Structures are given as structure tokens and as C-alpha cells.
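For reference, the structure discussed in these notes is given below.
Here, each number is a calculation from the coordinates, and none is a lab measurement. Computed from a predicted structure; not experimentally measured. Quick reminder, even Gly has a Cβ in these numbers, built from the backbone with ideal geometry, and neighbours come from all protein chains shown.
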Amino acid sequence: METQKFSYDNSIVRAFLYATIVFGLIGFTFGLTAALMLFYPELPEFLFGTDDTTIKSLASGNIQGLINTHGAFGFGRIRMLHTNTVIFAFVCNIVYTGIYYSLQRLLKTRMYSDTLSWLHFWTWQFMIVATFVTFFMGINTSKEYAEHEWPIDILITVSWVVFGINMFGTI
């Protein structure tokens, strides 16, 4: 009886795992910040300054443009960043890690296309970064857990189609 050797693409698994760790820490930080803002609503004014002389500030109120707590550092945006980071960046990345790891071993073959695997990885990570940028700028829809604007929705769809082609091609 001859023993078969199989080679798997573990580099894509590692990439998704590292992205999971990084975005997990970022999501935790956003969540901790949102929780602190619920407990201490003046936190943005304390950190970034304000024109209100009754609030003591680390920045002494000299930072113009970061004064508005309902702006980029307001609770609404931080909460939205937390939920989307945890859902799309943390959970989805670890799900992809598990799929890329287990699918190759269950089928005893490499993925259909390493190029499609990496295209999927980079489109997904770009979508996450684009989400951060647009949410900080206040560009979003009002649907809970679906706040992405349509160009990012298209990027999500492209990423899923690439992933589907690669997965079903492997099967």
C-alpha cells in the first residue's frame, strides 16, 4: 500500500488568519471605545478638545475640526464601525480561514486557483478598509448591519463570486 502525499495552499489560510487577528483587535478597540463613550459621553471632548471651557481637555481645546462629538469620533460611527468590523472583518475572515483550511483537506487537493484565492483575499480586505474610510467620512446607509454604500456592496458581491468560483471549482 502506497502512502499518498498532498500539498495544500496554507499561505492563503495564514493570510486570512493574520487578518482575523488584526481586525479582531481593531474591532475590540472600537467596541471598548463605544462602551467607554456610553459610560463617559464627554470622552471625545476630553481627548480631542472642545470650545466649551467647562470641560477639561487633554488637547486644551486647540484642535479645530475634531471638536464635534457627533462627527467622525461620535458614538454612532464608532458603534457602526465596531459592529461591521466584528461581522465582516473578524467573523468572515475566520470563516474563510476555516473554509480554505478544511476544504483542501477534506477533498485532498489544492484550491482550484491560487490566483482566485488571493484575489478573494485582497478584494475582501480592500472592502474592509473602504468600509472604514467611508464610515469615518459619514458615508453610509441607514440599514442596520447593512450600512455599506452600493460601490462597497458591489465589491462584496465580486468577492463572493470569486470565492464561489474557486470553491466550486475545487469541489
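Just how large is the dipole of the chain about the Cα centre, in debye to the nearest 20, putting +1 at every Lys and Arg Cβ and -1 at every Asp and Glu Cβ? Can you show the working numbers first?
Values: 9 positive and 11 negative charges, 130 e Å.
Rounded to the nearest 20 debye, it is 620 debye.
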Taking the Cβ of residue 7 as the centre, find all other residues whose Cβ is under 14 Å away and add up their charges (Lys, Arg: +1; Asp, Glu: -1).
+2
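For segment 10-170, what does the equivalent ellipsoid look like in terms of its semi-axes, each the square root of 5 times an eigenvalue of the Cα gyration tensor, given largest first in whole Å?
Numbers: eigenvalues 302, 47, 26 Å².
Rounded to whole Å, the semi-axes are 39, 15, 11.
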Segment residue 38-residue 3, length gained on full extension (0.36 nm per residue, minus Cα span):
6.6 nm
